[in-house]
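This report concerns only the one structure given below.
Taken together, the values in this text are just the output of simple stated rules run on the coordinates, not laboratory data. Source: prediction; values computed, not measured. Neighbour counts run over all protein chains shown; Cβ positions are idealised from the backbone, glycine included.
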Amino acid sequence: MNDNFAHNPLESAEKFLNDQNWDFQRLNEDQLYLTVEGDRGLYRILFIWDVDNHALQYCCELDINLDEERKEFAHQLLGEINSKLWLGHFDLSSDPANTTCSPCFRYTSLMPGGIKEQGYTFMKELFSYTLTECERLHEAMMMLDDGTGHAHSDKMKLMMADAVGSC
């Protein structure tokens, strides 16, 4: 195998996760799974390394289950959210075992050579960006779940507005 393509970026993910003292499971050579407790919710994270395409897929599913009747509105809201994101996108992750779906952030990156030298920094930035966006949008996603969210409501517009600074 060519040395340029020998690095599996999940090794960088493992190093970063170990440094955070986060538990994870290496499901196989190409998949890694963990859950992270945020300030507003639980996030289920899956990495999938596609060695043939030199691509790393990252999925972060929010612990929110939406009924079938909320799917249409959820797609509308996620479309609005996605139009404002620079990296990745949100979609709905379906569970074939039941009729619910969950909001999920997805990001795929081409990684020729697995970017061994920058892998740790990449993982740190990926987690920071993802968890920041998921936490920022968590309340809007919860409104989908409880049925109080409407795409054009003032409350929903306020929740989706970009804030400057912090409390």
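Can you list the residues of the range 33-68 with backbone N under 13 Å from a point 7 Å past the Cα of ARG26, pointing along Cα to Cβ? In the range 33-68, the label zone of ARG26 (backbone N under 13 Å from the point 7 Å along Cα→Cβ) covers 33. By the Stokes-Einstein formula, at 1.002 mPa s and 20 °C, the range 19-85 with its Kirkwood radius over alpha-carbon pairs has D equal to 149 µm²/s. Were the residues from SER94 through TYR33 laid out at 0.36 nm apart, the gain over their Cα-Cα distance would be 20.2 nm. Taking a sphere under 14 Å around the Cβ of CYS134 and counting the other residues whose Cβ falls inside, with K and R at +1 and D and E at -1, yields a net charge of -4. Fully extending the segment from ARG136 to LEU110 would add 6.7 nm, taking 0.36 nm per residue of separation and subtracting the current Cα-Cα distance.
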